[in-house]
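This report refers to the structure that appears directly beneath it.
Derivation of every value follows stated rules applied to the coordinates shown; laboratory data play no part. Since the model is a prediction, treat every value here as computed from it, not as a measurement. Reconstructed Cβ throughout: ideal geometry from the backbone, glycine too, with neighbour counts over all protein chains shown.
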Amino acid sequence: MSLALALPDLDVVGSEIVRLPTPHPGKLFGKGKLQELGAKLHEADVELVLIDGPVSPVQQRNLEKEWKVKILDRTGLILEIFSDRARTREGVLQVEMAALSYQRTRLVRAWTHLERQRGGLGFVGGPGETQIEADRRAIDDQLTRLRRQLEKVVKTRELHRAARAKVPYPIVALVGYTNAGKSTLFNRMTGADVLAKDMLFATLDPTMRQIELPAVGKTPQQGGGRKVILSDTVGFISDLPTQLVAAFRATLEEVLAADLILHVRDISHDSTDEQARDVEQIMADLGVSDDTPQLEIWNKIDLLDEEDRDARRREAARNDTILTLSALTGEGFDTLVQAIDTGLDVPRRTETLTLAFSDGRKRAWLFDKGIVEAEEPGEDGWAITVTWTERQVAEFEKL
């Protein structure tokens, strides 16, 4: 239901949970349920039906033919929402690629009326096969074009990342389930005005700000604390379509470069534990290292009643990496700033490395990370003095 309400132009007239022990391969629902639902849709004059789950191309075609309505499954709906939200060039390209990848798998429903076009000698191949293949090639060509355009954007992002690495400011990334309150917290910490609404995927395009953390008791505008780069990312969601995971990987890779991750949770949500597991799974799939320090932020504590609020505070107090917070009212904000400052105090050591003149890639990596203190050429190569963390040591050893 929340996904449906995330599209502003939709008027949701009802919802129903249908239990399917065995989904029908052709029409998803059995004959009786198909007729029952069809009657309800006709009575309510429904034009669009949303199904919270996967629907095969054949099932979609048959249901649309049976009910005379447009069908969108979970993936299709999320793509519609993302398309409505994308604002930057990168966001638009990523959504277009995800949508084309999705459409490519569903060409069967668009061309089944072309009975006269058959593959082979007319004895094998389905109806419209030749046209489907031609259309698939057209989509592949378009995907290739979009991929090239996105590669340029990704290179620009990498250049920005390299430039940030030369400025010794740590990166703090906000991650979390969609609508957990990341953008509200981002705005409070930066004094920015990023779109923050009570709806899914309010933030689609990533936002980064170089800020000076407020000293305890001061406003974000007053600063006085450590300088960091704060990153607000697209919200995660359960069963995130594979097309979107692939398309938005370049954006989400900002999390991989983070020195500290703030996992923001809507602690007032009935499914907060399930949402947290979904976020952890997606971060694991992205390859976020277990060594990256993380803080879990239990946001929207103000929405709980007094008894639940006190219980959550006591529970969080037993774990140094969990904080309770209201990004809206500011409750717990000073404690968060202190925790970020402490979390970024990662032990570092200084040592001198000897690299052969042929190890240009490793030398470039050290400079990109902004950890080189001095460099001297010698007979056998470069003597490079670095100050780095254990995490950076591990990354360097993988090169």
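Things worth noting here:
- Placing R0 at 56 angstrom, the Cβ-Cβ distance between Lys31 and Leu143 gives a FRET efficiency of 0.90 after rounding to 0.05.
- Kirkwood hydrodynamic radius of the stretch 2-83, from inverse mean 1/r over distinct Cα pairs, in Å: 13.3 Å
- Between Ser358 and Asp380, the simple spin-label model (points 7 angstrom out along Cα→Cβ) gives 1.5 nm.
- Amide N proximity, the stretch 36-79 versus Val13 label position 7 Å along Cα-to-Cβ, cut-off under 15 Å: 37-50, 67-71
- Using a cut-off of 26 Å between Cα atoms, the listed pairs Lys70/Lys152; Lys31/Lys70; Lys300/Lys369; Lys227/Lys398; Lys155/Lys398 include Lys70/Lys152; Lys300/Lys369; Lys227/Lys398 as exceeding that distance.
- Full extension of the chain between Thr387 and Glu306 gives 24.4 nm of extra length, using 0.36 nm per residue less the Cα-Cα distance.
- Student exercise, the stretch 348-398 dipole from Lys, Arg, Asp, Glu Cβ charges, in Debye to nearest 20: 300 debye
- Difference of contour (0.36 nm per residue) and Cα-Cα distance, Arg277 to Glu66: 72.2 nm
- Across the stretch 357-399, counting alpha-carbon atoms alone, Rg and Dmax equal 10.3, 30 Å.
- Computed label-point distance, nm, for sites Asp52 and Lys227 using a 7 Å Cα→Cβ extension: 4.7 nm
- Taking 0.36 nm per residue of sequence separation and removing the Cα-Cα distance, the Lys155/Glu351 pair yields an extension gain of 67.4 nm.
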